[in-house]
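K.L.:
Before anything else, here's the structure in question.
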Amino acid sequence: MRQRFFITSTGTGVGKTFITAALVRQARALGKSVAAYKPVISGYDPVHPDESDTAVLLQSLGKPASPENIDRISPWRFATPLAPSMAARTEKVALDFEALVAHGRKAAEGPEEIMLIEGIGGAMVPLDERHTVLDWIEALEMQAILVAGSYLGTLSHTFTALAVLQQRQIPIFAIIVNESDDSPVPLSATVGELSRWTRLPLVPVARRKAEETDGDIPELRALFAP
């Protein structure tokens, strides 16, 4: 059975790329074929492509950050570290929403058992003058995986993102709570409170030191297990 997911989040900086790369590794560990894309990226430095989120995804796929691979999984790249609508305006270029949707639909037709599209910023980030990431997800008709943090304030951000996703009747596969650095709120407390308000699957991901993992996050594996 083929599965297609759009990875979105409650906002910038909650670890969306980290989680997407970890999901790729879990799928591969289960012996499943997988593809991953981050079609739109801002703050991209072409002089140091190995330091980009695109390179992180390619590494999880076992592929080099070659110009060809970067073009394939991140065709819309902005140097300006702003929302796509603002970055495009600053750089005097346009992000073609219809082309972006067509790219995702073509990717979804691939032969891989699992295909992931990582969005940019949170669910309501503007892509152009008329469309947000939410419109992008809706147009692709994919299940969403919502990534949240455990920082103080995440409850309101998470419920707000859930509300707009559910308002558009976008199916939500799971909420992944990625533990925030230096949060005064324990991860377990955040997950416990979320569980009182939603029946959606909740997957807590504890913060790890670099030497404690090579990207293997076993708690995510159950999402793809038979």
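The values are calculated or read from the model by the stated rules, or taken from the named source; none is laboratory data. Predicted, not measured: the structure shown is a model, and the values here were computed from it. Glycine gets a Cβ as well: all are built from the backbone with ideal geometry, and neighbour counts include every protein chain shown. Heads up: the accessible areas ignore ligands, DNA and RNA and are worked out on the full protein's heavy atoms, side chains in. Shrake-Rupley method; radii C 1.70, N 1.55, O 1.52, S 1.80 Å.
K.L.:
First select every other residue whose beta carbon is under 11 angstrom from the beta carbon of residue 139; then total the charges, Lys and Arg +1, Asp and Glu -1.
P.N.:
Result for the neighbourhood of residue 139: -2.
K.L.:
Using each residue's phi in segment 143-153, evaluate 6.51 cos²θ - 1.76 cosθ + 1.60 at θ = phi - 60° and report the 3J(HN,Hα) Karplus result to the nearest Hz, with x for Gly and Pro.
P.N.:
Values per residue, Gly and Pro as x: 6, 9, 10, 9, 9, 10, x, 10, 5, 5, x Hz.
K.L.:
Right, here's the next one. Two decimals is fine: what is log10 I(q)/I(0) at q = 0.21 Å⁻¹ for segment 157-208, from a Debye sum with one equal scatterer on every Cα and no solvent?
P.N.:
-0.80
K.L.:
Net charge near residue 106, counting Lys/Arg +1 and Asp/Glu -1 over other residues with Cβ under 13 Å of its Cβ?
P.N.:
Overall, the nearby charge balance is 0.
K.L.:
Over the chain, calculate the relative contact order: mean separation of alpha carbon pairs under 8 Å at least 6 apart, over the residue count, as a percent.
P.N.:
Result for the chain is 27 percent.
K.L.:
A further question follows. Using only the Cα atoms of segment 126-226, construct the convex hull and provide its projected area averaged over every direction, in square nanometres to one decimal.
P.N.:
Averaged projected hull area, Cα only: 8.2 nm².
K.L.:
Then there's this: Please get the size of the charge dipole for segment 85-139, origin at its Cα centre, with Cβ charges of +1 on Lys and Arg and -1 on Asp and Glu, quoted in debye to the nearest 20.
P.N.:
220
K.L.:
Take the Cβ-Cβ distance between residue 207 and residue 72 as r, set R0 to 45 Å, and report the resulting FRET efficiency rounded to the nearest 0.05.
P.N.:
For R0 = 45 Å, the calculated efficiency reads 0.90.
K.L.:
If all Cα-Cα distances of segment 65-134 are sorted into 10 Å bins from 0 onward, what percent lands in each bin, rounded to whole numbers?
P.N.:
Reading the bins upward from 0: 18, 49, 29, 4.
K.L.:
So for 16, 32, what's the accessible-area order with a 1.4 Å probe, most first?
P.N.:
Descending order: 32, 16.
K.L.:
Within straight cross-link reach of residue 32, meaning Cα distance under 20 Å, which aspartates and glutamates are found once same-chain residues fewer than 8 apart are removed?
P.N.:
109, 112, 113, 118, 214, 216, 219
K.L.:
Moving on. Rounded, prolate or oblate: pick one for segment 61-211, where a ≥ b ≥ c are the square roots of the eigenvalues of its C-alpha gyration tensor, a/c under 1.5 means rounded, and failing that, prolate if a/b is larger than b/c, else oblate.
P.N.:
Verdict is prolate for segment 61-211.
K.L.:
May I ask you to compute the full-extension gain from residue 221 to residue 139, defined as 0.36 nm times their residue separation minus their alpha-carbon distance, rounded to one decimal in nm?
P.N.:
26.8 nm
K.L.:
Heavy-atom accessible area per residue, the chain, 1.4 Å probe: how many Å²?
P.N.:
It amounts to 48 Å² per residue over the chain.
K.L.:
Next up: What's the extension gain from residue 91 to residue 113 if we count 0.36 nm per residue and subtract their Cα-Cα distance?
P.N.:
4.2 nm
K.L.:
Next question. For a Förster distance of 41 Å, can you work out the FRET efficiency between the beta-carbons of residue 33 and residue 189, rounded to the nearest 0.05?
P.N.:
For residue 33 and residue 189, the calculated efficiency is 0.60.
K.L.:
May I pose another question? Out of the total accessible area of the chain (probe 1.4 Å, heavy atoms of protein only), what percent is carbon and sulfur?
P.N.:
The value for the chain is 53 percent carbon and sulfur by accessible area.
K.L.:
Once fully extended, how much extra length lies between residue 160 and residue 51, figured as 0.36 nm per residue of separation less the alpha-carbon to alpha-carbon distance?
P.N.:
The span from residue 160 to residue 51 would gain 36.1 nm if fully extended.
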